[in-house]
Amino acid sequence: MFPKITKLAALLLAAAVATVTAVPTKATMLKSLHDPRASTLHFTSSENPTTCVNGIPASSQRPDGFPIDNYTYVTPTANWTSYKVEPDWYNLHYVSGPHIQAATHRSDPYGAFECQFTCNAAGDCNAFFVEYVDIGQTSEHLNCVLFNATIDDSDFVQTTGNIGGGGYSRLCQPKV
């Protein structure tokens, strides 16, 4: 009635099924990117992203804050308060996050100071973006998202409901 399946064919079939079921769909990956309750997902683009930029350390750009010497501070060219990373760029260069911190926009730039250490520890992180969400509520917090490419001022789009804390791109010649 049923054809005989050899042990080798059964093992190959089981391996193929396991491989296919272990690969998340694009919809699952995109949902995970924007759902802070989802487990951290790592994937990056196959292109060669820009891994560093020449520039001024964020500490020199924002001397009132905590030291961030190995990254340069990047904001949109327009003077927006509420902005985020452009979604296509976000999805192409996403490494991990959001890493949630109990910081508010009133404690800025402490959240970015802490986020740099998360980026440094990731290994494949060359930039990070911080934003404050749930503004004015007891649940207000900072989201820190890591990327494998440096952020440019053109990689932002205006939005509502958050306060953009800026992007930070890794410097090619960090301060020693």
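The values are calculated or read from the model by the stated rules, or taken from the named source; none is laboratory data. No experiment lies behind these values; they were computed from the predicted model shown. Heads up, the Cβs are rebuilt from the backbone with ideal geometry, glycines too, and the neighbour counts pull from every protein chain shown. Ligands, DNA and RNA are stripped out before the accessible areas are found, and what is left, the full protein with its side chains, is counted by its heavy atoms. Shrake-Rupley method; radii C 1.70, N 1.55, O 1.52, S 1.80 Å.
Numerical summary
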quantity	calculated
Failed criterion for Gly164 (all others in (1) in a strand (DSSP E or B); (2) crowded, with 23+ Cβ neighbours inside 10 Å; (3) modelled with pLDDT under 95 hold)	(2)
Unique residue being open to solvent by less than 60 Å² (accessible area, probe 1.4 Å), of a type in the set (A, V, I, L, M) and farther than 19 Å from Ile56 by Cβ when the list is Val130, Val145	Val145
Boolean, Arg106 is open to solvent by 40 Å² or more (accessible area, probe 1.4 Å), touching a Gly at 6+ places or on another chain (Cβ under 9 Å) and modelled with pLDDT under 95	no
All positions within region 126-144 that are under 14 Å from the mean Cα position of the chain (by Cα) and among the small types (Gly, Ala, Ser)	Ala127
Region 82-96 - residue that is more than 20 Å from Thr160 (Cα to Cα) and open to solvent by less than 40 Å² (accessible area, probe 1.4 Å) and, of those, farthest from the chain's Cα centre (by Cα)	His93
First in region 116-142 and closer than 14 Å to Gln101 by Cα, second anywhere and among the aromatic types (Phe, Trp, Tyr) and surrounded by fewer than 22 Cβ atoms within 10 Å (Cβ to Cβ), Cβ under 9 Å, 6 or more apart	Phe129/Tyr90; Leu142/Tyr110
Residues of region 149-161 classified as surrounded by fewer than 21 Cβ atoms within 10 Å (Cβ to Cβ) and either among the hydroxyl-bearing types (Ser, Thr, Tyr) or outside any strand (DSSP E or B) (or both), total	6
